[in-house]
1. Can you give the net charge of the other residues whose Cβ lies under 12 Å from the Cβ of K150, counting K and R as +1 and D and E as -1?
2. Among the listed pairs K22/K150; K17/K245; K245/K307; K20/K150, give every one whose C-alpha distance is greater than 27 Å.
3. What does the highest-first list of 313-319, 274-280 look like by mean Cβ count within 10 Å?
4. Show me 289-297, 6-14 ranked by packing, highest mean number of other Cβ atoms within 10 Å first.
5. For the pair K14 and Y335, what calculated FRET efficiency results from E = 1/(1 + (r/R0)^6), where r is the Cβ-Cβ distance and R0 = 56 Å, to the nearest 0.05?
6. Compute the length gained on full extension between A98 and I326: take 0.36 nm times their separation in residues and subtract their Cα-Cα distance, giving the result in nm to one decimal.
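Read the figures in this text as sums done on the coordinates, not as results from a lab. On a predicted model such as this, the values are computed, not experimentally measured, just so you know. Glycine also receives a Cβ, built like all others from the backbone with ideal geometry; neighbour counts cover every protein chain displayed.
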Amino acid sequence: MNDKDNKTEEATPKRLKDAKKKGQVAKSGDLSAAASLFVFMMFIGVLGNYLFSNSLKFLKTSLQTDYTVSITKSNLGSLFIKNIINFVVLVLPFALIAIVIGIGISLVQTGFIFSTEPLKPDLKRLNPIEGFKGIFSKKSIFNLVKNILKLFLVFYMTYKNLTKNINQIINSGNLGTEKIFFFLLDFIKDLTFNIILVMFALSIVDYVFQKRDFKKNLRMTKQEVMDEFKEMEGNPEIKSFRASKQRQISMSRMMSSIKESTVVVTNPTHIAVVLRYDSKLDKAPIVTAKGEDYLAEKIKEVARINKIPIMENRELARAMYRKVEIGDQVPVDLYKAVAEILAVVYQMQEKNKGKI
């Protein structure tokens with residue numbers, strides 16, 4: 001069976017992340033071009049007067065000849081720089097707009113990506129068999145049909161606009177310089193807007209295709225998914241993260257158990273052991289939480305908030321901390337010491353009831 005037929009599983013988040021690191025993302029160049037062209041034409045419409053006045057200034061400066069001044073080595077540089085400055089003033093705003101739009105559209109589609117992977121030499125690209133397969137792939141056929149359709153529609157839109165404005169074009173010689181400029185600007189804007197509509201329609205189809213094709217190419221076999229899972233299981237970062245999460249969950253459960261406890265036994269500063277004894281549920285007292293140093297302080301803090309008695313018994317606290325695991329019953333040899341603590345707690349509770 002073909003290897004591609006075995007790739008039935010959707011790409012895992014790790015696979016997608018690795019592909020992004022390599023610069024492999026789903027994006028439509030047509031969508032970026034259409035959006036860039038649309039915003040660019042909007043700015044040209046807004047900056048029409050700026051474009052006209054600076055174009056006129058540039059042409060006048062470039063074409064006028066001062067026959068009283070001879071061009072020499074000393075003034076050639078200054079004349080050249082003057083023309084370059086005029087050209088930069090004319091073009092710079094539009095160049096900056098085009099760059100910003102292009103970057104913005106790419107970020108919207110793919111997010112921020114910085115990868116040198118596509119620049120690295122790849123011998124697979126030189127493989128003639130792979131290249132031949134690529135020519136007849138679905139992606140190549142789709143791109144060919146799309147480009148032919150795009151070319152046809154652009155020619156058709158240009159033809160329609162020319163026939164629509166043919167009389168004005170023929171009679172434009174009777175207009176002044178400014179009117180000709182703005183007529184051409186309107187003509188180009190109208191034509192470009194129609195082309196943009198066509199490009200947007202095609203680019204949406206292209207984006208959907210590119211997205212589906214990208215996901216299809218990143219599909220995995222069941223074995224690849226299992227291998228990746230095993231690899232992640234052995235990853236020190238994943239292990240550390242998982243252990244940290246488990247500690248957090250364990251800590252949260254332990255702190256919650258203090259609310260239902262009977263007493264906290266301390267040594268008094270470094271160790272705290274939490275006991276629960278309910279004669280209806282427990283055969284013997286149970287250690288529900290324990291900790292030392294910072295954790296001991298945290299246990300005492302939660303106990304105070306929930307009004308759980310805190311009793312000091314250095315030997316008992318140390319013995320329970322050393323011998324008894326969380327969730328286990330107190331061993332028989334500690335029954336007497338624990339019973340004495342519980343007796344004091346019950347006496348305190350009875351006194352408090354009497355006061356109420």
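1. Net charge around K150: -1.
2. Pairs exceeding the cut-off: K22/K150; K245/K307; K20/K150.
3. 313-319, 274-280
4. Ranking the peptides 289-297, 6-14 by packing returns 289-297, 6-14.
5. For Y335 and K14, the calculated efficiency is 0.55.
6. Computed gain between A98 and I326 is 75.5 nm.
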